[in-house]
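Take a look at the structure set out below.
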Amino acid sequence: MPPSAHAGRVGQMLLALAVCMAMGKALLPPGLIRPPDWLILPFADWINAAFFFLQNDLGLMAVTRAFSDVVDWLLSVTANLLYGKSRWPNLGPIPWIVVAATAFMAGYALKGWRLAALAGGTFVWIALMGQWKWAMETLSVILVAAPFSVALGLGTGVLAWRSPWFDRVLNPVLNIAQSLPHFAYMIPVVVFIGVGPKAGAIVTIIFSVPPMIRMTLLGLKMVPEEVIEAGKMSGATRWQLLTRVRIPTARSQILIGVNQVIMQCLAMVVLASFIGMPGLGQKLLQLLQSLKIGLSVEIGVTIVLLAVTLDRLSKAWALRLPEHAEPSPHWLGRNRLLVIWLALCVLGVVLAHFVPYFLEVERKQALSVAGPIDALMDRFIRLIAPVTAWLRWFLITWVLIPTRDAYLWMPFSAVLLLLAAVGWAIGGVRSAAVCVAYFGLIALSGWWDRAMITVYTVTVSVLIAALIGLPLGIWAARRPVRAERVLLICDTAQTFPSFIYLIPVIMLFGVSDVAVVAAVVVFAAVPIVRYTIEGLCSVPPELIEAADMSGATRRQTLWHVRLPMALPTMLVGANQSVMFSLFMVIIAAFIGTQDLGQEMQRALSTTDVGKGVVLGLAVAFMGLMTDHLITRWSEARKRALGL
Amino acid sequence: MAHPAQRRVGLPVWNKGHRVRETVISCRNVSKIFGPDPVRHLAELKVNPQAPLNGHVHAVREVDLDIERGEMLVVMGLSGSGKSTLVRCLSRLVEITGGHVTVEGQDIATLSDAGLIDLRRRKMGMVFQGFGLLPHRTVLDNVAFPLEMRGQDRKTRYARARDMLTLVGLTGREGYFPRELSGGQQQRVGIARSLAVEPDIWFLDEPFSALDPLIRREMQDEFLRLKGLLNKTVIFITHDFDEALRLADRIAIMKDGRIVQCDTPDRIVLHPATDYVARFTAEIDRARVVRAGSLVRPLDEPPEGAAWAATRTIRDLARDLVADSRKVIPVADAAGAVIGGLNRQEALDVLLGVAG
Ligand SMILES: Nc1ncnc2c1ncn2[C@@H]1O[C@H](COP(=O)(O)OP(=O)(O)OP(=O)(O)O)[C@@H](O)[C@H]1O
Ligand SMILES: [Mg+2]
């Protein structure tokens, strides 16, 4: 019997058992329905004990304090330069017109007029809308945090590359780190550092390091052997090889890492408003809490513009291929752009000196579109109110509440068996063990019911996202031009900090469960659309031609050739989709949910490290389990298709 | 035909001139195995030559080779026969699995990191099959790279790099990046880089493969000129037999990691050690390779008439061969001393391509 058939048989048996247990719930002993108290392990207390040991007895506090003092000093420098906080070097604030000109020139140098217009325009918009100070508060943190993360990530990446042993230890740590929700990072930082910009910067640094490590490792491993050999034959020492051959050759990957660091920084800095980080995020949080839609849309646009600008600038830098400069005898000829930039800066400073408007736009002078937006939105919302109200009613009574009740009703032992069945069918005994281990730990943590609510929100949202995303992806993939456009939109949407997605849903659905689900659905649909298009477009044309020649209709080709071939890629999208929804569910807790996210917020406000870490890990385990299953499945499909 | 052993007498005299022989690189029983556990696999092979591979690739097998100072050794063989790997063993770019490689009397396996770096900085240059250029550096910086590693200051190293670029005909491209050059131009950058340090030992892995025939010819001429000028030891890999004949003092032919024959070009053509070598040289016009000296036999009788120079190829002698009527023609070395006689019939057979 082939192993897969065998695995399927065991899977079916486990499934049948799970169904029996669920059906016979009334007959089950209570210990199999909810995890009994004696089974629940005090993980939180252990973690707290370990934490306090680190904090007090190992003197880690001193180390973190020293580190945070350095960060604090740098923060005050950027704060002075960008928005004129009265600290050393007391030069600032740099007039906004100079910052805008700098962004403009950077865009032009990296990619040309269009990027220049985007980058320059973003800063002009920020200034004219009177959001300069908030935006600069946000930017000043990114300016400090990103270089720290890049340096830390580069160093750790090089170490991991040098020592396979370290790499092996680091890999699972990175896996967990990248599936921990944002809030799980905040709680320990609050314990060590407290709240405020300093803590915000540090949590941002920690949060954005992992992708840099990954990209550094990847880049270093991809350097062609012959280039290294050429370096060796040139008599390079190890250090010279690393700094002058390997790292420069891995430039593109490393800079993609920098791009990811910057985007992670932005996402985290906005969320760090929950721990008292001033800036755009805090403003947005306040406005959303008081349901000022027009003003929060303004801030949202700013955040989106900033995200797109930072992303495009850093990506252009990463993907720029070296190009020879026309030899020019004059220094001026060789440094034309530099000279123009300096001239613009001087011009800007002079202008700002005489016309204060160009130094800082006062609140009174600021433009605002909040009024019209509010009016427009009011009209729009009133117009579609019947639809949203019906949708809300329908979703809540017919989808959300029944599903939630069903999830909560399931005996935990049946859930574990069910997962074992799925795991076994996909990846045999190992996958079954992995699934049971992850969810078993969640059961042991004592947060079973809360976890089930999170799972229910995620499953419902991902299913709805798939219902929307799959047809959209299939439709977009029909024409190359359309596919390209939709992909561009998806790429852009993925650069937005997750917090942004809350604005439209609160606008439409108010503060309710439906709003949470809607936010998660939108956020989770993006990767599904994206990978569906990518999967469908990368099906080899010979296969489609072969299907055409066999007289298949377009629908038959889609169902029997294109979708099966695209499935492995689409599964990657599903994987990302689940990850994204987990993150989003936790963030959406601030709208009001009853899941792990809400407990996490409570842990944050009471600075309960142990509880926070346990909850964070519970979320991470859900993500890791899904990742394991989907990766296994996708690998199996790929093997079956001979890809 | 005479017994091969007989022919070996006093053979390469015309080739080596009056050079003092000195071995620069010597390989003893060198093996290189790629795979999960090469050392164990080698030990297994010693006991049982038929041992299963288990994912191992035997790239170089039991190679014995001595390369003399100023010699030009051409390595040939089918794709995957281990040529590049052999050259990497000689420069310790790969660690050998078994045997010893000695460079100028020193076993390179025993060199420390610093010693190895020093050896490469002072003595060795290499041109890579895939060029191995640093993508983020300009052409000029690529060529100056080995000098930079040695710690030379900017001005001297750029001056030297410019000279090298002129030599390979790339002036005006100093500021370009490798990706902006054609394959042939990139290859020439690689050649210039390997020459920048004036290496004594020069490894070239298919250095002219990407060049067009005209430039290739030019580079070969330039190459011969340089070699004559600088007395470098050269190990040269090529797939092109004509090129090998033009350049080589000796040719080593590899098959499945073994050197099946290593000899002068005319001996390889005249006396292939195996069928494989014979097939390798089947297409060659032997008259262009074989020189009078290599067809010499001891004279039974005193020589009659004018002697021919041993270094001339049969092709060069074609007209004289047809015109002459002597049965055995005396052959003289560079000093003018008669070293033996050439059987005219045998030489005509070579000229007409009749198998001996
Ligand atoms: N780093 C490596 N790891 C594993 N196997 C290798 C490695 N390098 C070479 N080999 C194997 O060793 C054998 C010899 O390779 P080598 O590159 O020396 O061939 P070659 O004679 O230079 O061929 P070509 O003419 O195509 O350049 C090949 O079978 C190759 O697959
Ligand atoms: Mg090769």
For residue B:60, the lone unmet condition from (1) within 16 Å of ligand 1 (Cβ to nearest atom); (2) open to solvent by 10 Å² or more (accessible area, probe 1.4 Å); (3) not assigned by TED's automatic domain parsing to the domain that holds residue B:261; (4) not small (Gly, Ala, Ser) is (2)
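Taking the condition touching a Pro at 6+ places or on another chain (Cβ under 8 Å), within 16 Å of ligand 1 (Cβ to nearest atom) and open to solvent by 20 Å² or more (accessible area, probe 1.4 Å), does residue B:55 pass?
Criteria met by residue B:55.
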Can you name the number of the only condition in (1) open to solvent by 60 Å² or more (accessible area, probe 1.4 Å); (2) in contact (Cβ under 8 Å) with a residue 24 or more places away in the chain; (3) part of a helix (DSSP H, G or I) that residue B:345 fails? (2)
Within region B:160-198, which residues are within 20 Å of the chain's Cα centre (by Cα) and modelled with pLDDT of 90 or more? B:187, B:188, B:190, B:191, B:192, B:193, B:194
Residue by residue through region A:400-415, note down the ones that are open to solvent by 30 Å² or more (accessible area, probe 1.4 Å) and either within 22 Å of residue A:29 (Cα to Cα) or modelled with pLDDT under 90 (or both). A:405, A:406, A:407, A:408, A:409, A:410
For region B:185-219, which residues satisfy the criterion of being polar (S, T, N, Q) and within 21 Å of residue B:68 (Cα to Cα)? B:194
Scan region A:345-365 and give yes if some residue there is in a helix (DSSP H, G or I) and among the acidic types (Asp, Glu), otherwise no. no
All positions within region A:237-259 that are of a type in the set (S, T, N, Q), more than 16 Å from residue B:151 (Cα to Cα) and either surrounded by fewer than 22 Cβ atoms within 10 Å (Cβ to Cβ) or facing chain B (nearest Cβ under 9 Å) (or both): A:249, A:252, A:253
For region A:198-216, state whether one or more residues are closer than 30 Å to residue A:48 by Cα, in a helix (DSSP H, G or I) and over 19 Å from the mean Cα position of the chain (by Cα). yes
If we ask which residues in region B:48-67 are more than 16 Å from ligand 2 (Cβ to nearest atom) and of a type in the set (Val, Ile, Thr), their number turns out to be 1
Considering only region A:599-643, how many residues are part of a helix (DSSP H, G or I), open to solvent by 30 Å² or more (accessible area, probe 1.4 Å), more than 30 Å from residue A:539 (Cβ to Cβ) and in contact (Cβ under 8 Å) with a residue 40 or more places away in the chain? 5
Could you look through region B:19-44, keep only residues that are hydrophobic (A, V, I, L, M, F, W, C) and within 16 Å of ligand 1 (Cβ to nearest atom), and pick out the one that is most open to solvent (accessible area, probe 1.4 Å)? B:39
Some residue of region B:111-132 being touching a residue at least 12 places away in the same chain (Cβ under 8 Å), away from every other protein chain (no Cβ under 14 Å) and under 25 Å from residue B:225 (Cα atoms): no
Pairs please, first residue from region B:22-43 and at positive phi, second anywhere and within 12 Å of ligand 1 (Cβ to nearest atom) and outside any strand (DSSP E or B), Cβ atoms under 9 Å, 6+ apart in sequence or on different chains. B:35/B:53; B:35/B:55; B:35/B:56
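The values are calculated or read from the model by the stated rules, or taken from the named source; none is laboratory data. Computed from a prediction, not measured in an experiment: that's the story for all the values here. Glycine also receives a Cβ, built like all others from the backbone with ideal geometry; neighbour counts cover every protein chain displayed. SASA here: full protein model, heavy atoms, side chains in, ligands and nucleic acids out. Shrake-Rupley method; radii C 1.70, N 1.55, O 1.52, S 1.80 Å.
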